[in-house]
Amino acid sequence: MTAKDAISPQNTLLTSSPEDKKADAARKKPVSASSPLTMALERMASGEESVTVIDDVTETPIGIIDRESMIKAVAGLFPQLDESAELTITCPPSQYSASAIAHAVEDADAHLLNLNVTAGTEPNSLTTVLLRVNHSRGESVARSLARYGYETVEIATPAGMPASDMIERARAFMRYLEV
């Protein structure tokens, strides 16, 4: 996702004159339209209210990213699912392998939705990875990850399944056992 994808629909910048646009862009340290969204996100996390986005070729401002449009863009990266779990795992930096983590998740009959390294890229510290999988039972994914040498330090699941769903699953399991 690029900076251009998060431009605010209420774009007051576009109504300014070309001279005002250039002055505004210079004052706010703009990002180019093709910059990774994380560049603008980092600047906004450090206190900037908005970030100006400029065209890659002409270097003229094409819009702004405000807090609301940034939240909407980032929320699109984490769509909510009824059956999902988030796991925080750790490992030595030399053992980190995104493909091995993906294989471990797939071995638990789940799909890897998000994988973010959140800490520990230095040589003498543990690498911490946040995973989101489309499986309601994070414990089975954690067991699979343990077989691959990853330690699960936290599991978070949605608030809970409605009782009717749980009862229906229990009945289905009982029918399975009777066969």
Local net charge near Glu68, Cβ-Cβ under 15 Å (Lys/Arg +1, Asp/Glu -1): -2
Set Lys and Arg Cβ to +1 and Asp and Glu Cβ to -1, take the dipole of the range 53-115 about its Cα centre, and tell me which of Cys91, Ile64, Ala102 lies farthest positive. Cys91
Under a 5 Å amide H to amide H cut-off, with H placed in plane at 1.01 Å, what residues pair with Leu112 once short-range neighbours are removed? none
Sorted by mean Cβ packing within 10 Å, highest first, what order do the peptides 46-53, 94-101 take? 46-53, 94-101
Residue by residue through the range 142-147, what is 3J(HN,Hα) from phi via Karplus (6.51 cos²θ - 1.76 cosθ + 1.60, θ = phi - 60°)? Round to whole Hz and write x for glycine and proline. 4, 4, 5, 4, 5, 4
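Any read-out appearing in this document is the output of simple, stated calculations on the displayed coordinates, not a laboratory observation. Since we're looking at a predicted model, the values are computed, not measured. Counting neighbours? That spans all protein chains shown, and the Cβs are built from the backbone with ideal geometry, glycine included.
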